[in-house]
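Inspection log for the structure reproduced underneath, given as structure tokens.
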Amino acid sequence: MNEIASSSKTKSKIKLKGKHSFDAQAFLDSAGAARRVVEYRRSQEIYSQGDPATSVIYVQKGGVKLSVVNEVGKEAVLAILGPGDFFGEGSMAGQPVRMGSAAAITPTTLLVIEKNEMIRVLHAEHAFSDLFVSYMLSRNIRIEEDLIDQLFNSSEKRLARTLLLLARYGKESQPQKMLPKVSQEMLAGMIGTTRSRVSFFMNKFRKLGFIHYNGGLHINTSLLSVVLHE
């Protein structure tokens with residue numbers, strides 16, 4: 001795994017909400033004996049398919065692409081993650097190696113938590129356990145929605161939904177104004193269509209005012225009408 005030196009600013013001690021209260025977010029924002037903060041450049045590999053699965057990873061800043069490659073070398077993009085997301089949790093379910101690859105799509109800061117430390121904190125700290133379980137349940141719902149999307153919706157609707165998810169629509173009070181740099185090839189891999197189809201729909205969305213380019217790709221909430229339209 002290629003790593004860049006951890007920032008000293010992130011190695012602060014965990015703060016407690018009260019005398020005996022564990023602060024789950026402070027734990028995720030800081031480094032410690034069995035967890036380290038690591039920074040990655042854009043396009044830098046975090047881990048590769050087949051690497052030993054020894055940790056769970058939390059995104060503090062930036063963006064991460066999860067992908068898998070089949071035996072003939074074709075890549076499928078599984079997800080694009082952002083701040084507040086976990087990945088690599090398969091290590092806790094008995095997976096000895098990584099089932100896919102992960103790479104930074106922007107300058108990214110991650111908290112890498114060793115598997116044994118993750119298990120210890122989940123057992124010892126209810127606040128952290130509640131946060132993690134809530135995240136995993138939400139992610140399971142998202143996977144089910146993705147499957148339904150693939151089975152029943154057009155590629156245009158799938159693209160609109162994917163863009164809204166990348167803009168973190170519904171997860172934060174306001175969607176972020178500009179998306180991480182995501183290529184049309186990557187979008188095509190995520191929704192199961194061709195790059196030319198993605199290009200066609202992106203031009204259509206731009207003409208309708210659903211997206212615009214100004215130093216990057218900006219998503220307007222009006223794009224939701226494409227997803228809701230029957």
On the basis of being surrounded by fewer than 20 Cβ atoms within 10 Å (Cβ to Cβ), among the polar types (S, T, N, Q), modelled with pLDDT of 90 or more and in a loop (DSSP other than H, G, I, E, B), does Gln174 make the cut? no
Assess whether Glu156 counts as being charged (D, E, K, R), open to solvent by 20 Å² or more (accessible area, probe 1.4 Å) and over 18 Å from the mean Cα position of the chain (by Cα). yes
Flagged in the stretch 96-142 as open to solvent by less than 30 Å² (accessible area, probe 1.4 Å), out of contact with any helix residue (DSSP H, G or I) (no Cβ under 8 Å at 6 or more places or on another chain) and among the charged types (D, E, K, R), in numbering order, are Glu117
Can you say whether Asp149 is modelled with pLDDT under 90 and farther than 16 Å from Ser91 by Cβ, as far as the supplied structure shows? yes
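Working only within the stretch 108-126, note down all residues that are in a helix (DSSP H, G or I), under 16 Å from Ser30 (Cα atoms) and of a type in the set (A, V, I, L, M).
The answer is Met118, Val121.
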Which of the residues belonging to the stretch 63-75 are under 15 Å from the mean Cα position of the chain (by Cα) and open to solvent by 40 Å² or more (accessible area, probe 1.4 Å)? Val68
Per the filter on the stretch 204-214, residues open to solvent by less than 80 Å² (accessible area, probe 1.4 Å) and over 14 Å from Ser155 (Cα atoms) are Gly209, Phe210, Ile211, His212
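The values are calculated or read from the model by the stated rules, or taken from the named source; none is laboratory data. As the structure is a prediction and not an experimental result, all values here were calculated from the model. No Cβ is skipped: glycine too gets one built from the backbone with ideal geometry, and neighbour counts run over all protein chains shown. For the accessible areas, the whole protein counts, side chains as well, though only heavy atoms, and no ligand, DNA or RNA atoms are used. Shrake-Rupley method; radii C 1.70, N 1.55, O 1.52, S 1.80 Å.
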